[in-house]
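Written below as structure tokens is the structure these notes are about.
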Amino acid sequence: MTRFSHPAFAKLSPKIERAAKELHQIEDYLSTHGSEMARGDWGAVGAVSLGLHNIYNGIEDVLLSLANDVDGLVPKGLSMHQDILDQMSAEIAGIRPAVLNRELYEALGELKGFRHLVRHRYGFDLKTDKVEENLERARIAFPAFVAAVVTLENLLLREDTSDEGDRN
């Protein structure tokens, strides 16, 4: 389990663990139902798609928490799903560096689009190759995302420690 020390990060561990568990459950499911997925079986494609949907939701939930607790501004409105990615890919002078590098930003943008398809098209347009492509994307992006969050926390903890040294 990812453990955090910085107060703004304390509530992130369960969110990250739920998303990690979802990815693990997809892998477990595919270990016994991979041939069904490869054949484009509706149930297998739907199960993996829903898992990917849930992983992205967890990632977005973490980003929204960071926006609230670190940045002090949470995007709202119809474009909030894109706005949170844009916000987290930008450095905020005096507050934090960019959380998402270009590669991670693009991967999460693709997963966001896939999540939208799953959520709003009810599985009618789910193509096996696109599901597999997004699964591979999640396998790479999720650990990179967790590493980016850990890196941000470490940076903020170092800054807090150096601020304390300045006051003494």
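The values are calculated or read from the model by the stated rules, or taken from the named source; none is laboratory data. Here the structure is a predicted model, which means the values were calculated and not measured. Glycine gets a Cβ as well: all are built from the backbone with ideal geometry, and neighbour counts include every protein chain shown. The accessibility values were calculated without ligands, DNA or RNA, using every heavy atom of the protein model including side chains. Shrake-Rupley method; radii C 1.70, N 1.55, O 1.52, S 1.80 Å.
Odds and ends about this structure:
- Single condition Val118 does not satisfy, out of (1) modelled with pLDDT under 95; (2) among the β-branched types (Val, Ile, Thr); (3) under 26 Å from Asn154 (Cα atoms): (3)
- Filter result for Pro75 (exposed (fewer than 15 other Cβ atoms within 10 Å of the Cβ) and either touching a Lys or Arg at 6+ places or on another chain (Cβ under 7 Å) or under 22 Å from Ile16 (Cβ atoms) (or both)): no
- Extreme residue, least open to solvent (accessible area, probe 1.4 Å), among residues of region 2-27 that are part of a helix (DSSP H, G or I) and more than 21 Å from Ala141 (Cα to Cα): Ala8
- Single residue of Leu30, Leu64 found to be surrounded by 17 or more Cβ atoms within 10 Å (Cβ to Cβ), at pLDDT 95 or above and over 30 Å from Ala8 (Cα atoms): Leu30
- Against the numbered list (1) in contact (Cβ under 8 Å) with a residue 60 or more places away in the chain; (2) touching a helix residue (DSSP H, G or I) at 6+ places or on another chain (Cβ under 7 Å); (3) closer than 18 Å to Asn134 by Cα; (4) open to solvent by less than 60 Å² (accessible area, probe 1.4 Å), Gly58 comes up short only at (1).
- Test: Asp83 is open to solvent by less than 60 Å² (accessible area, probe 1.4 Å) and either assigned to a loop (DSSP other than H, G, I, E, B) or within 30 Å of Thr151 (Cα to Cα) (or both): yes
- Only one entry in Ala19, Ala44 is in contact with a His (Cβ under 7 Å, 6 or more places away or on another chain) and within 24 Å of Arg121 (Cα to Cα), namely Ala44.
- Within region 86-114, if we keep just the residues that are in a loop (DSSP other than H, G, I, E, B) and among the hydrophobic types (A, V, I, L, M, F, W, C), the residue that is surrounded by the fewest Cβ atoms within 10 Å (Cβ to Cβ) turns out to be Ala93.
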